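The values are calculated or read from the model by the stated rules, or taken from the named source; none is laboratory data. Just so we're clear, the structure is a prediction, and the values are computed from it rather than from any experiment. In this analysis, Cβ positions are derived from the backbone assuming ideal geometry, glycine residues included, and neighbour counts consider all displayed protein chains. Accessible surface areas use protein heavy atoms only, side chains included; no ligands, DNA or RNA. Shrake-Rupley method; radii C 1.70, N 1.55, O 1.52, S 1.80 Å.
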Amino acid sequence: MCRKWFAKFRCGDFDLQNAFRSDRPVTTDIDQIKVLIDSNRHLTTTEIGHNLNIDQSTVSRHLRKLGIVNKLDVWVPHELSEKNLMDRISACDSLLKRHQNEPFLKRMITGDEKWIVYNNVSRKRSWSKRSEAAQTIAKAELHPKKIMLSIWRDWKGIVYYELLPFNKTINSTKYCSQLAKLK
């Protein structure tokens with residue numbers, strides 16, 4: 001390319017605009033791609049190219065220019081019907097009105113359990129000579145030593161927590177004793 005420019009400059013042509021070319025003109029209409037994407041967001045670039053009679057790489061380039069990226073859809077349990085939507089709106093509205101009359105949300109306490117791993121071994125980088133082997137570190141076990149954290153919180157923060165002994169989980173007796181201590 002530099003050789004072409006120098007030859008062009010030597011001849012006295014300092015015009016930097018692209019000259020007319022007899023190549024095939026660009027016929028891709030970005031609006032057509034947008035219409036196809038709006039009609040079906042699950043089309044692939046190959047399918048769009050096939051529909052518009054253009055190359056898949058051209059479709060990809062135009063989508064990049066438009067700022068459109070391919071993302072995985074989010075799974076939801078089911079689509080809400082109009083009645084489900086209205087039920088949710090009325091429930092939220094009634095809870096909001098109740099909270100305005102008598103603030104109850106600040107009295108709520110939530111609880112949860114979480115397994116906490118005792119020893120999280122991670123690999124680290126280390127300096128060594130080219131001829132030396134890298135340092136060895138034992139890989140973490142498939143089932144490392146862990147304990148269960150049971151935590152209760154309100155709107156201000158943690159109200160009560162308990163670390164259960166090794167290999168113990170929550171059962172009804174333990175849950176009731178935690179509620180008694182929480183009270």
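Here are the numbers:
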{"quantity": "Conditions (1) within 30 Å of D154 (Cβ to Cβ); (2) part of a loop (DSSP other than H, G, I, E, B); (3) in contact with a Lys or Arg (Cβ under 9 Å, 6 or more places away or on another chain): number failed by D73", "calculated": "(1)"}
{"quantity": "Residues (of a type in the set (F, W, Y) and at pLDDT 85 or above) located in segment 112-168", "calculated": "W115, W152, W155, Y160, Y161"}
{"quantity": "Residue in segment 46-70 that is least open to solvent (accessible area, probe 1.4 Å), counting only those that are in contact (Cβ under 8 Å) with a residue 24 or more places away in the chain and not in a helix (DSSP H, G or I)", "calculated": "I54"}
{"quantity": "Matching residues in segment 155-183 - criterion: being in a loop (DSSP other than H, G, I, E, B) and either of a type in the set (S, T, Y) or more than 23 Å from P103 (Cβ to Cβ) (or both)", "calculated": "L164, P165, F166, N167, K168, T169, I170, N171"}
{"quantity": "Matching residues in segment 71-114 - criterion: being open to solvent by 100 Å² or more (accessible area, probe 1.4 Å), in the same structural domain as K174 (by the TED database) and within 27 Å of the chain's Cα centre (by Cα)", "calculated": "K114"}
{"quantity": "Subset of segment 104-119 [aliphatic (A, V, I, L, M) and more than 21 Å from D154 (Cα to Cα)]", "calculated": "I116, V117"}
